[in-house]
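K.L.:
Sending over a structure as structure tokens; questions will come in a sec.
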Amino acid sequence: MLHYPVTVAVGATSLEVAAQAVLTLMAPLHLDIEAAQQYDSETGDYHWWNPRGTWNGCEFGGRWAATLRVRGNADPRDVIPGQLSPANLHRPLVAGFATGGRIRALDLNGQRDDTAELARVQWEDFQRIVAGTPAPRPWSEFAARAKDAEAAAEPWLPIREQILEACLRWRNTTGASNEEYGRRVHTELEAAAARWEASLTYSMRQAARDYHDQPRITALNAHASFSGFPLTDPELVFGETSRENYLVQRRLEAIPGSATLTHDGRWLCSGPLDDHGLPTGTAQERHDYLAEANDYIDGLSEDMWLVVMDCHA
């Protein structure tokens, strides 16, 4: 299931009204709305679909429950606290961050400043650390091998769905709390994933180990700035841009999600989302989207609400 964060802006008189306004604003984008007919050239039939559809499920916060920084003196009535989804209750919430709030309650520029400062440190450390190390094989090579192994194995998604259905039946039968349900889902999925992974000839976990065992990646991961750095070829992040451009880009990325939904219903995004919930499109299109989204957010009045939604499709 594809999950991705959407930043939503609404005007409302209270937290409760803001929450309802977000859901109302997002409703027309539900994938199941039968808004138009589309011809299927393979079957020769027409079917209903929603040309504007982008999601078939959403919740406040979820995987991005602690995304927006809250001012220290913010009125609690102006803040939407972090709300983890049941399957993510094991994840800790970050103090000082929330799912959303009024613009006046959020420290957006402070969040951008800290993101840019971290980016500066990372960029300068990268140049120093990689000096003298051989260029690594790209992550895509390792990932492609793992995906081929997954394609040859029993599909994971049906296994996952069976476990989720079983956990839901257990909760309905026992009356377990959301927290107990979340822990059970996490435990059962972890065990099933371990069994499934053990059946693979080459797992994504092994691919990650092999990728990180390369000298340059090992050197980067040993440094605090790169501990847990994403499985992204570092040369594509740091080696093809100047320090100044990298800092600008990271600052732009600090607030907007994969897409931004404006209070008047405009869906801002650089392109359709890929299998990882990341927008497609060129680097320039990504930059243009982020610049537009930030300009829009900065133009909101202090009474407006900004909320992060966990969407899936």
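We did not get these values from a lab; they are worked out from the coordinates using the rules stated. Keep in mind that what you see is a predicted model, and the values were worked out from it rather than measured. Here Cβ is always computed from backbone atoms with ideal geometry, including for glycine, and neighbour counts include all displayed protein chains.
K.L.:
Using each residue's phi in the range 24-33, evaluate 6.51 cos²θ - 1.76 cosθ + 1.60 at θ = phi - 60° and report the 3J(HN,Hα) Karplus result to the nearest Hz, with x for Gly and Pro.
P.N.:
5, 5, 7, 3, x, 9, 5, 5, 7, 5
K.L.:
Still on this model: Taking the dipole about the Cα centre of the range 65-223, with the C-beta of Lys and Arg at +1 and of Asp and Glu at -1, give me whichever of LEU118, ALA152, ALA98 is farthest to the positive side.
P.N.:
Final value for the positive-end residue is ALA98.
K.L.:
A further question follows. Students often check this: by mean Cβ neighbours within 10 Å, which of 191-199, 292-300 ranks highest, and how do the rest follow?
P.N.:
Taking the mean over residues of other Cβ atoms within 10 Å, the ranking is 292-300, 191-199.
K.L.:
For a quick check, take a GNM of the chain with Cα springs below 10 Å and name the residue from ARG120, ARG160, ARG69 with the largest mean-square fluctuation.
P.N.:
ARG160
K.L.:
When the Karplus curve 6.51 cos²θ - 1.76 cosθ + 1.60 is applied with θ = phi - 60°, which whole-Hz ³J(HN,Hα) does each residue of the range 200-209 get, with x for Gly and Pro?
P.N.:
7, 6, 7, 8, 5, 5, 5, 4, 5, 4
K.L.:
Calculate, axis by axis, the spread of Cα positions in the range 9-163 along the three principal axes, and write the results as whole Å, longest axis first.
P.N.:
Ordered largest first, the range 9-163 gives principal extents of 59, 58, 31 Å.
K.L.:
Right, something else. Using the Cα centre as the reference, give the magnitude of the dipole from point charges on the C-beta atoms of the range 11-145 (Lys, Arg: +1; Asp, Glu: -1; all else neutral), rounded to the nearest 20 debye.
P.N.:
Working: 13 positive and 16 negative charges, 118 e Å.
Roughly 560 debye for the range 11-145.
K.L.:
Can I ask one more? Can you list the HN-Hα couplings for the range 139-144, worked out from phi with the Karplus curve (6.51, -1.76, 1.60; θ = phi - 60°), rounded to whole Hz and with x for Gly and Pro?
P.N.:
Ordered by residue, 3J(HN,Hα) equals 4, 4, 5, 5, 5, 4 Hz.
K.L.:
Further question on the same structure: Which entry is the computed log10 I(q)/I(0) by the Debye sum over Cα atoms at q = 0.07, 0.14, 0.15, 0.16 Å⁻¹ for this structure: (1) -0.38, -1.05, -1.14, -1.23; (2) -0.34, -1.36, -1.47, -1.52; (3) -0.34, -1.14, -1.25, -1.36?
P.N.:
Checked against the structure: label (2).
K.L.:
Going by average Cβ neighbours within 10 Å, how do the peptides 173-181, 102-110 rank, with the highest at the top?
P.N.:
Numbers: 173-181: 12.2, 102-110: 17.8.
In descending order of packing, they fall as 102-110, 173-181.
K.L.:
Projected onto the charge dipole of the chain (+1 at Lys/Arg Cβ, -1 at Asp/Glu Cβ, origin at the Cα centre), which of TYR181, TYR46, LEU306 gives the Cα projection farthest towards the positive end?
P.N.:
Of the candidates, TYR181 comes out farthest on the positive side.
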